[in-house]
Amino acid sequence: MIFERALRRELVSTAGAVFTTLFTITLTVMLIKILGQAAGGQVSSQDVVALIGFQSLNYLPIILILTGFISVLLVVTRSYQDSEMVVWFSAGLSLTRWVKPVLLFGWPIVLLTGVLSFVATPWANEQSAQFRERFEKREDIARVSPGKFQESATANRIFFVEGVSGDASKVKNIFVNTFQDGKNSVVVAKEGEMEVDKDGEKFVIMNKGRRYDGMPSQPDFQLIEFERYGLLVANQSQAAAGDKSAKALQTWDLLTQDNGFSRGELLWRVALPLMAVLLMLLAIPLAFVNPRAGRSIGLLVALLLFVVYSNTISVFQAAVVQNRMSLLVGWWPVHILVLLLVVALFAWRLTVNSRYHPQVMWACVRRAMTLKRQG
């Protein structure tokens with residue numbers, strides 16, 4: 001049908017613009033956040049591009065859901081504003097005729113959301129966790145950016161180096177300020193390198209330097225000059241690998257694990273493609289707007305419904321994680337409520353010209369009351 005083809009073309013073009021806008025905003029926020037983490041020494045500056053890619057995959061399902069929802073909402077709202085819906089209804093066509101072209105437009109979004117939710121996003125979270133874990137396992141001295149003061153992982157030591165060699169194991173012009181057991185110690189040296197002893201303990205070995213213990217004004221102040229000085233940085237136990245989070249587990253691994261975190265993550269992954277379908281259907285009756293009024297209010301209401309929908313799913317997810325609700329009970333109630341809302345809004349719009357419509361019945365009551373007062 002010509003109408004369906006034209007509608008799908010308009011939906012696709014609108015979706016392209018909406019997706020580009022949302023993805024650009026998300027990418028900008030992620031870039032600022034990850035660059036801040038790199039500047040603060042939380043992640044490696046060499047991993048910034050990779051981490052941005054992994055985070056992009058993590059946010060893509062939500063971006064796609066919003067893209068489908070907003071695109072349908074904008075297109076249907078424009079039809080109301082341009083009075084195309086008046087012609088549509090005058091021709092005896094129902095609002096339900098919009099469901100088929102919207103679903104034909106939306107099925108790639110739903111499919112891609114499902115693939116991202118069940119496969120790509122867990123892989124991206126796993127890779128991102130590995131990058132961060134690998135950086136956390138590195139020695140404090142290797143995490144220092146040249147020319148910057150950097151706090152150690154234990155938060156009791158400040159490092160500063162003027163330069164780092166290519167393998168990040170040798171440094172020069174070192175400054176280390178350590179505060180431990182209520183005492184302050186400062187070590188400065190011309191050069192140093194990393195060494196690991198037979199027990200697995202990691203030291204930074206500094207050459208040709210000085211150590212200052214305490215405050216110069218205190219009687220216990222000490223100044224020590226050294227040719228070679230070893231400073232403990234990390235031991236073998238600090239390099240132990242942490243547990244994988246549920247977000248980084250593949251779906252088949254979640255199915256084999258019987259704990260609250262796995263069940264909660266599985267609920268969220270199932271919810272994303274369902275959200276994509278239901279929100280696109282909800283946008284059809286929700287897009288009604290008076291042609292003489294603006295459409296910003298309708299868009300704000302729609303976005304508010306999206307926030308309430310996603311947050312309610314998060315509440316059920318938290319209940320499943322805390323074992324206050326089983327997965328079989330928690331995964332479906334929110335979606336059933338939204339489906340009932342879709343049916344109710346369609347019924348409201350389909351019966352708008354019926355004498356049994358609440359607005360028509362209320363207008364009749366008001367008219368009768370007015371006539372009674374006048375009589």
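Just so it is clear, none of the values below were taken in a lab; they were calculated from the coordinates. Keep in mind the model is a prediction, meaning the values are calculated, not measured. Note that each Cβ is placed from the backbone with ideal geometry, even for glycine, and that neighbours are counted across all protein chains shown.
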Notebook entry, point to check: With a 10 Å Cβ neighbour count serving as the proxy for reagent exposure, in which order, fewest first, do THR21, THR370 appear?
Noted result: THR370, THR21
Note to self: For a Förster distance of 30 Å, can you work out the FRET efficiency between the beta-carbons of TRP332 and PHE288, rounded to the nearest 0.05?
What the structure shows: 0.60
Check: For the residue pair LEU304 and LEU350, what label-to-label distance in nm results when each label sits 7 Å from Cα along the Cα-to-beta-carbon direction?
Finding: 2.7
Margin query: How would VAL338, VAL12 line up from fewest to most surrounding beta-carbon atoms within 10 angstrom?
Written below: VAL12, VAL338
Notebook entry, point to check: Quick one: which of LYS172/LYS247; LYS148/LYS183; LYS170/LYS247; LYS100/LYS247; LYS183/LYS208 span more than 32 angstrom between C-alpha atoms?
Noted result: LYS172/LYS247; LYS170/LYS247; LYS100/LYS247
Check: Between SER217 and LEU103, what length comes free when the chain is fully extended (0.36 nm per residue of separation minus the Cα-Cα distance, one decimal in nm)?
Finding: 33.3 nm
Notebook entry, point to check: In whole angstrom, how far apart do the alpha carbon centroids of the stretch 85-132 and the stretch 304-318 sit?
Noted result: 18
Checklist line | Computed FRET value (nearest 0.05) for LEU111 with PHE226, which takes r as the C-beta separation and R₀ as 41 Å | finding: 0.05
Next item on the list: Pop the C-beta distance of ARG8 and SER83 into the FRET formula with R0 = 25 Å and round what comes out to the nearest 0.05.
Entry: 0.70
Notebook entry, point to check: What does a probe at GLN127 reach in the stretch 39-58, counting residues whose amide N is under 12 Å from the point 7 Å along Cα→Cβ?
Noted result: 49-58
Note to self: Could you work out how much longer the chain between GLN180 and ARG324 gets when fully extended? Use 0.36 nm per residue separation minus the Cα distance between them, nm to one decimal.
What the structure shows: 47.5 nm
